[in-house]
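Here's the structure we're looking at; comments come further down.
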Amino acid sequence: MTRILRPTDLMAAAVAVAMILASLSLLELTTDRRYLAIGVPVIIALMLISAVSRRFRMPSPLIHLWQFVALVGAGIGLGVNATPGGGNILVQFWQALLDGVLHIQTQMAPMDPSAGTSLIFVLLIGLVTIIADMLVLSLDTPAWIIAPLLTLYLIPALALDQQVSWRSFLFLAIGLLIVLATDTALGLSGWTRNLKRDDADKDHTSAGVWGMASIVGVPVLVMALLLGNVVPTMGTLDLNSRRPRGVGPIQMQDPTIELHRNLAQQSEQVVIRYSTDAADGQYLRLASLSVMDRDSWKLTAVDLQNGDLPEPPGLGTSVVETTTNIEVGDFGSQYLPSPYAPRRHDAPGQWAYDPVTMMILSTEGNNPDATRNISYSVTSVVTDPNPSIFNNAQPGNPPDDGLTKQVPADVPQEIVDLTAQVTADAETPVLKAAAIQAYLRDPRRFTYSTDAPAGDGFDVIKNFLLTDRSGYCIHFASAMALMARISGIPARVAVGFLPGTKNGDVWQVRGKEMHAWPELFFEGFGWVRFEPTAGVANAPAWTVVQGNQPSETPSPSASDSSTPSAASPSTSGADTPTATQTEIAVDVVSSNAFPWRQVLIGFGIALVVLGLLFAPMIARTVIRRRRLGFTGPVADQVEALWAEVRDTVRDAGTRWPGGAPREKAAALAGTWDEPAGEAITRIAETVEANRYSRGLPVLPEQFGKDVSYVTKDVLAHLTTSQGLRAKLFPASLFHRG
């Protein structure tokens, strides 16, 4: 068997196994297993190209070029298969990539099956496999395979808001162990005990390495997994249960991701039915976004508590309660739809509330469908202000005023100037808010469109207000909330559902009526809903005030269901661990959707850094292999090998002596051990014979052996740090003498 398989074959096989194991980490991102059915053969094919090419001593750059061409060919084939219908194959390939990116941007993990996403995964796995082959076989640095293995592991680890399964780490560790053990076994099998020929049986050498790998590696992996799960929230391994271990922080999904994802669907499916004793339909709020920065509006960390909710902040002493009976259909979320401000509810399952935002969240572990197919009643406080007295209200100080009053220093000056212009004639804060709402609702200025760019950061809002002037509800709501804060009014963005359409005594809410709106805080009135999105919902009566402001004809706040207002509902929510305490620290994540842009940027930066780091090593490796594999005239072969000895000495940090070849050899031999000294002396004699005689008819066999021995011996005497420096930053490349 050893005569059939060469060391490069065995290392290529080890790399293939390690990459196959590492690719299993991506299973946490998708329910589609097709990427493995394609990715595994791609890994095997790429490593076969490597192994076969190295048998014929092909240059490493050419090997990796062939691998890349094979990967691109496989990708184009997959792209054509993913987008049938004929036409230009490159266009089909590009369309499949775009479909995959869109699917990643609009899907929650684990994502539904998608041919485009499988194509992206296969290309990613193939590219990382080529890098692994370059590190392990071309550069002869097997330990560096940890970099590509970690690349595939860190993609789900960074993208998911829950912890990656311990199995992914186990697969990575096993793959690394296989590569390192194979390299060690091959190194020991080539050891000749300093004999010219060693006919001793070496089978025990490899067996000993694998035995030691089992004795040491397996217990270390087991201990790492067990110790990693002793501390709560440090792992997902539970020997007694399938539920997550510990009571770690709940991860809250950004509801605007669901809003954007479902806008294009415009689902007519009724997802919520409710009846209420209120005079009009109810806005059903899911969550409120209180944190604003240049990138987006975000959720804030909340302190969840159990029991009845407290009085909503900022309201006066006179309050009116209403009861709403809600039946949720095919809509899954971790947020409980309820009118603002909820006081009590009887929803089945485990729920807790945040006393500041008045959001109600599910605390059932890993349940993305907490609201699906449930019925419950909500008693809520009516917060609609009386228009006759609301006109002179002043901004208040909500409990989270440090967040909801904050205006970041990097808000574009153009938005600040526009806000001042819009509110210039407003005499009171309420009139300022009404002026902003009227400005945004003016159809001569702004149009509603679901084709507008996604997002609600400063750049998007600036583009919406000053350039395109077209967007959907999140753009209108985000713009008004930001302009209100600039005007000195605490503001946040709420996400939920429009009231829907009344059918008899029951209100029906469709998926397309998912919506976003701003909430502004006024003393004595608390958080007050405004509606800047024209053509979708009418402005509330209390926001159309009399004064020297533009006015609209007020009407009930129920939505106009004939207009395409919002998105279809969420079909999944964020995973949340089991919570039994009365208070749970909640960490915030921007979304459950896969952050493809950040991953690509990070991966690209990593590739550039690795390329710059390994460029000297790659260049030196190419030079070395050209010299050792040179088959030209004998005289040139001698000089090439002599130059390799010189550069190896320089790489090791030793000064290359001056003088004739024998003088150089004498100077070096004085500092080396006897075998190396004798070898460099014979090398120098051959070089002088080549230079000063009529030439050598053939290259002496001993000359090649001596060169090989000297170059290896010089590097073998280096410390670990010296050896790493010699490989990464070979001094011979920078020597000008």
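The values are calculated or read from the model by the stated rules, or taken from the named source; none is laboratory data. As the structure is a computational prediction, the values presented were derived from the model and not from experiment. Reconstructed Cβ throughout: ideal geometry from the backbone, glycine too, with neighbour counts over all protein chains shown. Remember, those area values only see protein heavy atoms, side chains included, never the ligands or the DNA or RNA. Shrake-Rupley method; radii C 1.70, N 1.55, O 1.52, S 1.80 Å.
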Kindly list the number of the only condition in (1) over 20 Å from Ala689 (Cα atoms); (2) among the acidic types (Asp, Glu); (3) more than 48 Å from the chain's Cα centre (by Cα) that fails for Asp651. (3)
Only one residue in Gln394, Gln413 is open to solvent by 40 Å² or more (accessible area, probe 1.4 Å), more than 35 Å from the chain's Cα centre (by Cα), of a type outside the set (D, E, K, R) and closer than 25 Å to Met292 by Cβ. Which one? Gln394
Of all residues in the range 366-381 being surrounded by fewer than 16 Cβ atoms within 10 Å (Cβ to Cβ) and part of a loop (DSSP other than H, G, I, E, B), the one that is modelled with the lowest pLDDT: Asn366
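Yes/no matrix, rows are residues, columns are (1) assigned to a helix (DSSP H, G or I); (2) exposed (fewer than 14 other Cβ atoms within 10 Å of the Cβ); (3) of a type in the set (Ser, Thr, Tyr):
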{"site": "Leu403", "(1), (2), (3)": "yes, no, no"}
{"site": "Ala409", "(1), (2), (3)": "no, yes, no"}
{"site": "Ala420", "(1), (2), (3)": "yes, yes, no"}
{"site": "Val430", "(1), (2), (3)": "yes, no, no"}
{"site": "Ala435", "(1), (2), (3)": "yes, no, no"}
{"site": "Leu440", "(1), (2), (3)": "yes, no, no"}
{"site": "Pro443", "(1), (2), (3)": "no, yes, no"}
{"site": "Ala452", "(1), (2), (3)": "no, no, no"}
Suppose we filter the range 284-306 for residues that are open to solvent by 10 Å² or more (accessible area, probe 1.4 Å), assigned to a loop (DSSP other than H, G, I, E, B) and either among the polar types (S, T, N, Q) or without any contact (Cβ under 8 Å) to a residue 40 or more places away in the chain (or both); how many remain? 3
Among (1) more than 23 Å from the chain's Cα centre (by Cα); (2) modelled with pLDDT of 85 or more, which single condition is Pro59 missing? (2)
Flag for Gly73 being part of a helix (DSSP H, G or I), at pLDDT 85 or above and surrounded by fewer than 21 Cβ atoms within 10 Å (Cβ to Cβ): yes
Those residues of the range 341-365 that are among the charged types (D, E, K, R), over 22 Å from Pro540 (Cβ atoms) and open to solvent by 20 Å² or more (accessible area, probe 1.4 Å) come to a total of 3
Pick out the one residue from Gly488, Gly496, Gly526 that is touching a Pro at 6+ places or on another chain (Cβ under 9 Å) and not in a strand (DSSP E or B). Gly488
Go through (1) under 22 Å from His515 (Cβ atoms); (2) of a type in the set (Lys, Arg); (3) free of Cβ contacts under 8 Å to residues at least 60 places away in the same chain one by one and return the number of the condition Arg343 breaks. (1)
Return the pair list, or none, for Cβ contacts closer than 6 Å from residues in the range 643-669 that are over 18 Å from Asp713 (Cβ atoms) to residues that are of a type in the set (D, E, K, R) and surrounded by fewer than 21 Cβ atoms within 10 Å (Cβ to Cβ), at least 6 apart or on different chains. Pro661/Glu688
Among the candidates Leu158, Leu172, Leu123, single out the residue that is assigned to a helix (DSSP H, G or I), at negative phi, modelled with pLDDT under 85 and touching a helix residue (DSSP H, G or I) at 6+ places or on another chain (Cβ under 6 Å). Leu172
Restricting the range 10-68 to residues that are outside any helix (DSSP H, G or I) and either acidic (Asp, Glu) or within 14 Å of Met134 (Cβ to Cβ) (or both), the residue that is least open to solvent (accessible area, probe 1.4 Å): Asp32
Members of the range 472-518 that are in contact with a helix residue (DSSP H, G or I) (Cβ under 6 Å, 6 or more places away or on another chain) and surrounded by fewer than 24 Cβ atoms within 10 Å (Cβ to Cβ): Ile486, Ser487
What residue, of Gly704, Gly695, Gly602, is open to solvent by less than 60 Å² (accessible area, probe 1.4 Å), in a helix (DSSP H, G or I) and at pLDDT below 85? Gly602
Restricting attention to the range 643-670, which residues are within 23 Å of Gln722 (Cβ to Cβ), assigned to a helix (DSSP H, G or I) and charged (D, E, K, R)? Glu644, Arg646, Asp647, Arg650, Asp651, Lys664
